[in-house]
Amino acid sequence: MVKIVEHIINSVKGAIFDLDGTLIDSMQVWDKVGEDFLLKRGIAPPKDFKVAIAEMTFTQSAEYLIKLFNLPMTLIQVIDEWNDMAFYEYSHNIRLKDGVNEFLIKMKSNGIKIAIATSCLPKLCEAVLKNNGIFDLFDIIVTSDDVTNNKSYPDIYLAVAEKIGISPSDCVVFEDALYAVIGARLAGMQVIGVFERCFANEESKMRTLCDDYILSF
């Protein structure tokens with residue numbers, strides 16, 4: 001670990017991790033699920049499709065597509081189909097990013113509470129964490145559907161801090177996306193940016209807003 005990251009870890013009591021793109025290498029799965037969902041219905045994915053849904057929760061993304069393409073489906077039907085498409089990948093194929101397991105164990109051994117703040121559905125989150133043998137390391141998991149606003153707002157981070165009983169100022173957040181970094185900052189927390197290929201164009205802004213930025217764990 002770089003010295004700044006070590007300093008931050010030694011000064012906090014709680015660490016909050018994003019899941020997709022931060023702890024696990026899963027972003028390509030969601031690109032494929034969304035695109036395959038549309039292609040199955042004879043709809044060409046819009047050029048700005050990935051950008052449009054990047055800041056949305058799972059539920060918001062489903063609502064967006066139903067409205068955009070006037071799909072004759074309920075919200076539950078869309079979510080269930082996406083869930084089925086993604087569940088196999090999360091249960092069997094998606095792996096941790098390099099060094100994640102060792103990093104989490106190091107934090108736990110230092111007495112730091114660790115939590116997940118994610119836009120991923122609970123079922124998928126649990127499946128991928130158990131498949132990679134790290135589910136029991138986390139003190140709590142909170143999803144975007146548990147709060148009112150998406151991760152560009154501080155809601156989810158503040159909810160995690162409250163649940164683990166640690167002041168926001170004593171927490172550090174690990175995130176791979178600029179909009180989520182902004183939300184974590186608004187929560188009054190330290191932030192470490194994590195490189196993710198699909199957000200590579202945001203790296204310079206991430207480095208400006210984050211306390212530190214890492215290419216891997």
Please grab the % of Cα pairs in the range 106-159 that end up more than 14 Å from each other.
56 percent
Between the range 1-47 and the range 153-209, the alpha-carbon center distance in angstrom
13 Å
Just to confirm the number: angle between the C-alpha axis of helix 27-39 and the first principal axis of the chain, 0 to 90 degrees, nearest 10?
10 degrees
If I fit a long axis through the Cα atoms of helix 122-131 and take the longest principal axis of the Cα atoms of the chain, what angle between them do I get, 0 to 90°, rounded to 10?
60 degrees
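Give LYS32/LYS163; LYS123/LYS205; LYS113/LYS163; LYS32/LYS123; LYS50/LYS151; LYS13/LYS205 a once-over and call out the pairs whose C-alpha atoms are over 22 Å from each other. Please list the in-between numbers first.
Numbers: LYS32/LYS163 34 Å; LYS123/LYS205 33 Å; LYS113/LYS163 11 Å; LYS32/LYS123 19 Å; LYS50/LYS151 17 Å; LYS13/LYS205 27 Å.
Check vs 22 Å cut-off fails for LYS32/LYS163; LYS123/LYS205; LYS13/LYS205.
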Principal semi-axes in Å for the range 98-217 [√(5λ), Cα gyration tensor, largest first]
20, 18, 15
I want the local charge near MET206. Using Cβ-Cβ distances under 12 Å, sum +1 for each Lys or Arg and -1 for each Asp or Glu among the other residues.
-4
Ordering of 15-24, 158-167, 45-54, 28-37 by packing [mean C-beta count within 10 Å, highest first]
15-24, 158-167, 28-37, 45-54
The range 73-166, Kirkwood Rh and Cα Rg, ratio Rg/Rh at 1.00
Compute the helix-to-body angle for 58-69: its Cα long axis versus the longest principal axis of the chain, expressed 0 to 90° and rounded to tens.
30 degrees
When each pair of different Cα atoms in the range 28-93 is counted once in the 1/r mean, what is the Kirkwood radius in angstroms, to one decimal?
12.2 Å
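Just round it to a whole percent: the fraction of Cα-Cα distances in the range 172-217 exceeding 16 Å. Please list the in-between numbers first.
On the way: 227 of 1035 pairs.
Everything past 16 Å amounts to 22 percent.
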Listed residues PHE195, PHE69, PHE174, most fluctuating in the chain (Gaussian network, C-alpha, under 10 Å)
PHE69
In a solvent-free Debye calculation with one equal scatterer on each Cα, what is log10 I(q)/I(0) for the range 142-185 at q = 0.20, 0.33 Å⁻¹, listed in the order of the q values?
-0.57, -1.27
How much mean residue ellipticity at 222 nm does the chain get from its helices, if each DSSP H run of length 4 or more adds -39500 (n - 2.57) and you divide by all residues, to the nearest 500 deg cm²/dmol?
-13500 deg cm²/dmol
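Every number here is computed from the coordinates shown, using simple stated rules; none is lab data. None of the values given here were measured: they were computed from a predicted structure. Virtual Cβ from ideal backbone geometry, glycine too; neighbours counted across all protein chains shown.
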